[in-house]
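Working notes, beginning with the structure itself.
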Amino acid sequence: MRNIAIFASGSGSNAENIIRYFKNHPDVRVDSVWSNKKEAFVLERARNLGIEAHYFTREEFQDTGRMIDELRNRKIDLIVLAGFLWLVPPEFIDAFSIINIHPALLPNYGGKGMYGSRVHESVVNNKEKESGITIHLVNKEYDKGEHLLQIRCPVYTSDTPESLATRIHELEYNYFPGAIEEFLKRNR
Ligand code: GAR
């Protein structure tokens, strides 16, 4: 069995979708969900689905040893960032494979401070004709790791950041779990 830990900072609709996808999966299980926000709805979603949910502080995250030990004890094979907003310390990147999803076509609209609605606001304000999602490996810089998958969608002149966010979320729900499954299959 391959074990996933999900890191998320917000609502967690992707985390929920991933948990549901791998429920009863023969080879992959979501072990736990981890959030840097005590009040993040993702923690409640996880618990409602019977998945362990943990909050951690910035100190625990930066002073990486204990968290890494905990994840190793749990035999985590992959960390999935699903709307996680902090830069991951290099010790985690050396210790685990980590996959992130970004709600735009990287390298455009990426980097520090570019997350969630801010990305969609910039895309709409710049009158882009298309946007999409990028699923990529995480390295030591924000949004710079190797791309695993990019999927495009149109941006309409009538779009608002909210309507674009809805279209992008649909792409995320449709493609993120499969990309995780594929990555685990290829990296045994
Ligand atoms: C998702 O759209 C994800 O791509 C984005 O945050 C959203 C989280 O939504 N991630 C980033 O912007 C990372 N830079 P969710 O909490 O409903 O899954």
Anchor Lys185: lysines whose Cα lies under 18 Å away (excluding residues fewer than 8 positions away in-chain): Lys23, Lys75
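Under the 0.36 nm per residue contour assumption, what length would be gained going from the current alpha-carbon distance of Asn139 and Thr157 to full extension?
3.0 nm
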Contact order normalised by residue count of the range 22-162, Cα under 8 Å, 6+ apart, percent: 17
Under 5 Å, built H, 5+ apart or other chain: amide partners of Ser97: Ile79
Whole-Hz couplings from phi, Karplus 6.51/-1.76/1.60, listed for the range 66-77; x for Gly and Pro: 5, 5, 5, 4, 4, 5, 5, 4, 7, 6, 6, 9
Full-stretch length increase - Phe56, Asn24 - with 0.36 nm per residue and alpha-carbon distance subtracted: 8.7 nm
Projected label distance in nm at Asn3 and Asp69, using a 7 Å step from Cα toward the beta-carbon: 1.6
Extension gain, Glu182 back to Glu146 (0.36 nm per residue minus Cα-Cα distance, nm): 11.5 nm
Set of lysines near Lys127 by C-alpha distance (under 29 Å), chain-local residues within fewer than 8 positions excluded: Lys112, Lys144
Apportionment of accessible area to carbon and sulfur, the chain, percent (1.4 Å): 46
Rounded accessible area per residue of the chain, 1.4 Å, Å²: 52
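The values are calculated or read from the model by the stated rules, or taken from the named source; none is laboratory data. The model shown is predicted, which means the values in this text are computed figures rather than measured ones. All Cβ positions, even for glycine, are placed from backbone atoms using ideal geometry, and neighbour counts span all protein chains on display. Keep in mind that these areas ignore ligands, DNA and RNA; they rest on the heavy atoms of the full protein, side chains included. Shrake-Rupley method; radii C 1.70, N 1.55, O 1.52, S 1.80 Å.
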